[in-house]
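Here's the structure we're looking at; comments come further down.
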Amino acid sequence: MKMAAILNTMARSFIVWGMKRLAPYAHRKAMSEVTNFKQNQHRLKLEYQITPNTPCRLYDEELRKTISELPNVEWVKTSGSTKEPKIIAFDRSRLANVKKSFAGVTLRSADSFDAQRPIVFTLASLADDESFTAIMTNKEPSQFDLWVTPHRALAINSVRKLTETYSVHALRIWGIVLSNPGWLYSTNPSTQAGFFHALSQEWDTHLKLLRDYFETPEQFSADIHQVAAKIVTTGWRERGSVLLNSTRPLKPTEWLNIEAYCSWDGGNTTPFLRQLEGYLPDIQFIPMFSMSTETLETLTVYDNGTPHFVTIAPNVLYEFLPEGAEDDPTLLLSGWDLCPGERYVMVVSDPYGLRRYVTEDVFLCKELLHGVPDLRFLHRRGLTWSYT
């Protein structure tokens, strides 16, 4: 493990060096998308054959049938306001574009506050299902994936089976201690807040895997040790000892060596964000851009260090209905027609079956960045709370 830790630490240092060099390119690319937004939107409207009479539509059986007949795709399922889970089409190209978008935002965010270790550990579900999280993280990861997103080791079958004996939180602590990530991420801040709360309530229970791995490593299979060797970094024993030698639940800042945490901050997430501020005082918070399983809704760009959440996701045509308006195509507005301070429902079209699909997500237009709307998610249309 010692040599593996040294090699992984060196590899990560080289990757972070490369990320710093790529950040200016990621910024220029995003600003180019901002500059060409209007032109690209006109092109997509022609490409998707959107006419003034193309109706607005919700997710219905006709749309489900259209998506289910798309060739060479796999389907992601999502819960929502439909009787059955929605299905959304993904092919390799779309998945690659989503991952590139995530990578670009990471590079720009890291550059914005001069991050030293933008290695992301996501508190993701380990369920092997048909969710968007599963398609993004539960595929067999490469060694590069494990260097930059070490949480993916927990979804490897041999490791995931440990949940038969240990809690999911126990696996997360084990992975964090081994890999020493610089950023902690979850889509909803409630996931991180719940993680820290669980540790404070059942400290010994959630440390059991780490303790067993330290004290009786021979009880674990060769597969587990091989996975550990792929994510371990120098100082792992010292980090683990801090936890295992404590007779009381430690505050996150007493054992978690992170420089930033990231989550969505839209909608009614404020109570959870306040909890996280209490758990992680003086740690940089990075707000996440808005997305749904159906589409990336905004992406993050920085202008003079200020984050903006703009509608530049690849291959997405954006239109908007004023809040409270009927789903009438004659009322639709283009992004550059929005007024700062007003609220709008996002309508999207893409190559994967969505044509003037009403997302029912209500956004506040904060401002226009060079003619591109800078949006903040408020709530789902007709709902006060969109999750519990």
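The values are calculated or read from the model by the stated rules, or taken from the named source; none is laboratory data. Keep in mind it's a predicted model, so treat the numbers as computed, not measured. Reconstructed Cβ throughout: ideal geometry from the backbone, glycine too, with neighbour counts over all protein chains shown. Side chains are part of the model used for accessible areas, which takes the heavy atoms of the whole protein and leaves out ligands, DNA and RNA. Shrake-Rupley method; radii C 1.70, N 1.55, O 1.52, S 1.80 Å.
The Cα center of region 312-376 and the Cα center of region 157-192 differ in position by 36 Å.
Inter-label distance, Ser125 to Arg376: 2.9 nm, where each label sits 7 Å from its Cα along the C-beta direction.
Relative to the current alpha-carbon distance between Gln284 and Trp75, full extension at 0.36 nm per residue lengthens the span by 71.7 nm.
For an R0 of 25 angstrom, estimate the FRET efficiency from the Cβ-Cβ distance between Asp328 and Lys38 and round to the nearest 0.05. Write down the numbers at each step before the final one.
Numbers: r = 23 Å, r/R0 = 0.93.
Working from the Cβ atoms, E equals 0.60.
Projecting the Cα positions of Leu299, Ser334, Trp264 onto the charge dipole of region 233-335 (unit charges on Cβ atoms of Lys, Arg, Asp and Glu, taken about the Cα centre) puts Trp264 furthest along the positive direction. The Cα center of region 2-59 and the Cα center of region 265-294 differ in position by 22 Å.
Round to a whole number: what % of the accessible area of the chain belongs to carbon and sulfur, probe 1.4 Å? Summing carbon and sulfur atoms, their accessible area is 53 percent of the total for the chain. In the context of the full set of protein chains, residues of the chain present 47 Å² of accessible surface per residue (probe radius 1.4 Å, heavy atoms only).
Taking R0 as 35 Å, what's the FRET efficiency between Val242 and Leu95 from their Cβ-Cβ distance, rounded to 0.05? Kindly include the intermediate steps, with their values, before the conclusion.
Numbers: r = 38 Å, r/R0 = 1.09.
For R0 = 35 Å, the calculated efficiency reads 0.40.
Take every DSSP beta bridge whose two residues both sit in region 160-292; close to 0 percent of them are antiparallel. Relative to the dominant Cα principal axis of the chain, helix 92-112 is inclined by about 70°. Compute the helix-to-body angle for 2-35: its Cα long axis versus the longest principal axis of the chain, expressed 0 to 90° and rounded to tens. Roughly 10 degrees, rounded to the nearest 10. For q values of 0.07, 0.09, 0.13 Å⁻¹, compute log₁₀ I(q)/I(0) with the Debye formula on a Cα-only model of the chain, without solvent. The Cα Debye sum returns log10 ratios of -0.34, -0.57, -1.13. The amide H of Cys262, built 1.01 Å from its N in the peptide plane, has Leu184, Tyr185, Ser186, Ile286 as neighbours under 5 Å, considering only residues 5 or more places off or on other chains.
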